[in-house]
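Down below is the structure, laid out as structure tokens.
The values are calculated or read from the model by the stated rules, or taken from the named source; none is laboratory data. These numbers were taken from a predicted model, which means no experiment stands behind them. Virtual Cβ from ideal backbone geometry, glycine too; neighbours counted across all protein chains shown. Ligands, DNA and RNA are excluded from the accessible area calculation, which covers all protein heavy atoms including side chains. Shrake-Rupley method; radii C 1.70, N 1.55, O 1.52, S 1.80 Å.
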Amino acid sequence: MIPPVEPIVRADAIARVSFERSDPVRMARFLADFGFVPLAPPAEGRQYFRGCGPASYCVEVIAGTHDVFLGFALSARSRDDLHALARFERRGLGPAEGPGGGERLRLHDPDGHRVDLLWGAETLSPLSVREPLAAVNLPNAATRINRPVRSEPAPAPVFRIGHVVLQTPRFGEMMDWYRTRFGFLASDIATIPDGTPVLGFFRFDRGEEPADHHSLALLAGPDARLLHVSAETIDLDAIGQGQQHLRAQGWNHHWGIGRHVLGSQIFDYWKDNAGDEWEHYADGDIMTADYPTGFHPLSRAGLWAWGDDLPDSMRPPGPLPADAPAQARAIFEALSVAPRPWLR
């Protein structure tokens, strides 16, 4: 079981992610092909990219000598919350960098990732995109009549950063840190045979207002690193047209199209010029705060319902040394030798 906590604040959304890149020009190309929209020309070695939604920006790219995930930012529900967390952490506030302005509290999680809490950023007018293909012709109910589907290969329009997935050698500490400070609720937890949690999907606590199944996911692993950043698009056709466009531009396809089990998203994964993973997703689960936490045995079969098999690079490396910790061995066995989904 995951014991309840009384958080300092309850954050509201993921606002943005930040990267350092040794080749920011190529990174800008990838982000545009992925569906983000560049803002003003780079200034002082920084460039910003928006989505189709109202956020002032979604991705910050800082020119540097390394290829590094720097961290991400969350939106506060109120200015009072921003000050409450600042008092708890005994830290001062500063101006938020980049377009939109506002205030920010800068923290670092136990693995060293930068985590900002933001308040007061100006918003943008949403960009115009096509309507979702809500009308679908079924075998016994035709609703799309005299309305052909004409989807052109183009970047998938992305609206916002949906979630960030981190690998951590401090699973319990990281889970407690994020839940205590930002009010994350556990939607689903996967465990190894002794009951130890090793994979968790966490959503924002918005009370009766629904929130994404997860905006943060944590996976126990040997080192601290980013696993992927996920951005929401319109529907399956948008994911498909985005895949066509990214393939035509020569980018490295990683995994998909498929549908996850925990969270239910239709997904498609790509790698940027530095090798970091980016996911397009659509049709994910949303839950209110009273949705109970689900507990599941960790298995590769539990990661996706249909689609291609999990890529080798997403499985634990092996074989493990003879003195590998029992937890590492259990994770390796669960994700390496579990049945394929279609053999469950």
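Per-structure values
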| read-out | value |
| --- | --- |
| Neighbour cut-off at most 15 other Cβ (10 Å), DSSP loop, chymotrypsin sites (Phe, Trp or Tyr not before Pro), the range 39-93 | none |
| Solvent-accessible area per residue for the chain (1.4 angstrom probe, square angstrom) | 46 Å² |
| Intensity falloff of the range 116-253 expressed as log10 I(q)/I(0), Debye formula with alpha-carbon point scatterers, at q = 0.11 Å⁻¹ | -0.63 |
| For ALA274, net neighbour charge (Lys/Arg +1, Asp/Glu -1) across residues whose Cβ lies under 11 Å away | -3 |
| Protection proxy ranking, peptides 150-161, 244-255, 228-239, average beta carbon neighbours within 10 Å, highest first | 228-239, 150-161, 244-255 |
| Cα-based radius of gyration of the range 1-120 once divided by 2.2 N^0.38 Å, which approximates compact folds | 1.14 |
| Vicinal HN-Hα couplings computed from phi for the range 127-143 (Karplus, 6.51 cos²θ - 1.76 cosθ + 1.60; Hz; Gly/Pro x) | 7, 6, 9, 5, 6, x, 7, 6, 7, 10, 7, 9, x, 10, 7, 8, 10 |
| Percentage relative contact order, the range 23-132, counting C-alpha pairs under 8 Å, at least six apart | 24 percent |
| Among (i) 139; (ii) 161; (iii) 208, the entry derived from the coordinates for volume of the Cα convex hull per residue in Å³ | (ii) |
| Dipole in debye (nearest 20) - the chain, about Cα centre, beta carbon charges: Lys, Arg +1; Asp, Glu -1 | 320 debye |
| The range 1-122 - charge dipole about Cα centre, Lys and Arg +1 at Cβ, Asp and Glu -1, debye rounded to 20 | 120 debye |
| Helical mean residue ellipticity (222 nm; -39500 (n - 2.57) per DSSP H run of 4+; nearest 500) of the chain | -5000 deg cm²/dmol |
| Furthest towards positive pole of dipole, LEU199, LEU118, PHE34, structure part the chain, Cβ charges | PHE34 |
| Residue (of PRO139, PRO297, ALA73) at the positive-pole extreme of the chain, dipole from beta-carbon charges | PRO139 |
| Ranked by how many other beta carbons lie within 10 Å on average, peptides 59-68, 183-192 from highest | 183-192, 59-68 |
| Apportionment of accessible area to carbon and sulfur, the chain, percent (1.4 Å) | 53 percent |
| Net dipole in debye of the range 44-94 [+1 Lys, Arg Cβ; -1 Asp, Glu Cβ; about Cα centre; nearest 20] | 220 debye |
| Highest-first arrangement of 193-204, 295-306, where packing means the average Cβ count within 10 Å | 193-204, 295-306 |
| Length-normalised contact order for the chain - Cα pairs under 8 Å, 6+ apart - percent | 16 percent |
| Built amide H within the under 5 Å cut-off of LEU70, gap 5+ | SER18, PHE19, GLU20 |
| Selection from MET175, PHE267, GLN243 lying farthest towards where the dipole of the chain points positive, charges on Cβ | GLN243 |
